[in-house]
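These notes are about the structure you will find just below.
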């Protein structure tokens, strides 16, 4: 006990660094970080996930996940229920970097799509994984 009292700052640093190491694992468990490109491919192939690209039409035309549907983030709340009628269908939401798609996950979950996930890193991560990109 004397050690802890005399070295309280060292103990605080150790506890703080331990919490920082656990933070990504806790965040991933909540689903906030998104899925990797490999995990997204598995969702698409095994669970028939729908891929929704929330980029602008210009970004979508420049390159998107093969088979993705373009619904810009601003129109997602209005257009998603018509695009994916079954709310039990897993959704992989994609954007350029993963920022907009995380916001899109929140919108999709408000609409009742509980299996909505974001592609972590967006199209940049998809391209880095050398996965197919469709243009036009």
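When the helices (runs of 4 or more DSSP H) confined to segment 1-82 are screened for residues that are under 24 Å from residue 130 (Cα atoms), at pLDDT 85 or above and more than 14 Å from the chain's Cα centre (by Cα), those reaching at least 3 such residues are found at 37-47, 57-62. Residue 96 - would you say it is at pLDDT below 95, crowded, with 16+ Cβ neighbours inside 10 Å and touching a strand residue (DSSP E or B) at 6+ places or on another chain (Cβ under 8 Å)? No. May I ask you to verify whether residue 130 is free of Cβ contacts under 8 Å to residues at least 24 places away in the same chain, surrounded by fewer than 21 Cβ atoms within 10 Å (Cβ to Cβ), at positive phi and assigned to a loop (DSSP other than H, G, I, E, B)? Considered against the rule, which asks whether it is free of Cβ contacts under 8 Å to residues at least 24 places away in the same chain, surrounded by fewer than 21 Cβ atoms within 10 Å (Cβ to Cβ), at positive phi and assigned to a loop (DSSP other than H, G, I, E, B), residue 130 comes out as yes.
The values are calculated or read from the model by the stated rules, or taken from the named source; none is laboratory data. What you are looking at is a predicted structure, and each value in this text was computed from that prediction instead of being measured. Glycine also receives a Cβ, built like all others from the backbone with ideal geometry; neighbour counts cover every protein chain displayed.
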